[in-house]
1. Would you mind calculating the gained length between R46 and A24 on full extension (0.36 nm times residue separation, minus the Cα-Cα distance), in nm to one decimal?
2. Dipole magnitude of the chain about its Cα centre, charges +1 at Lys/Arg Cβ and -1 at Asp/Glu Cβ only, in debye to the nearest 20?
3. Could you check the simple spin-label distance between F32 and Y56, using points 7 Å along Cα→Cβ, in nm with one decimal?
4. If Lys and Arg each add +1 and Asp and Glu each add -1, what is the summed charge of the other residues whose beta carbon sits under 12 Å from the beta carbon of A24?
5. Please name which of Q41, S6, I21 has its Cα lying farthest along the dipole of the chain towards the positive end, using unit charges on Cβ (Lys, Arg +1; Asp, Glu -1) and the Cα centre as origin.
6. Calculate, axis by axis, the spread of Cα positions in the chain along the three principal axes, and write the results as whole Å, longest axis first.
7. In deg cm²/dmol, rounded to 500, what helix-only [θ] at 222 nm does the chain give when every DSSP H run of at least 4 residues adds -39500 (n - 2.57) and the total is split over its residues?
Amino acid sequence: MWWRSSRLDRIEANIERLAKISEATNRRIDRFVEATDQQIQAIQTRTDQFQRALEYLLSKDR
């Protein structure tokens, strides 16, 4: 039954390959999420600054 052993070896190799692909994909997703979070925080900071500046300018007009 050498073919079963050979088939199991191929299955195990495929599982290991898929595990590596999955790990790499998860790392890429983590980096994307982190970068997106940083961009959102930067946009929020700029929005807050703009809002404060606008409120200041509007308060001077009164």
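Every read-out reported here was derived from the displayed coordinates using simple, explicitly stated rules and does not represent laboratory data. Quick caveat, the model's predicted, so the values are computed rather than measured. We place every Cβ from the backbone using ideal geometry, glycine too, and count neighbours over all the protein chains shown.
1. Numbers: separation 22, 0.36 × 22 = 7.92 nm, distance 3.32 nm.
Full-extension gain reported as 4.6 nm.
2. Working: 12 positive and 10 negative charges, 43 e Å.
For this selection, approximately 200 debye.
3. The answer from the label model is 3.9 nm.
4. Numbers: positive: R17, K20, R27, R28, R31; negative: E23, D30.
Residues close to A24 contribute a combined charge of +3.
5. Farthest towards the positive end: S6.
6. 91, 10, 5
7. Values: 1 runs with 59 residues, N = 62.
Per the formula, -36000 deg cm²/dmol.
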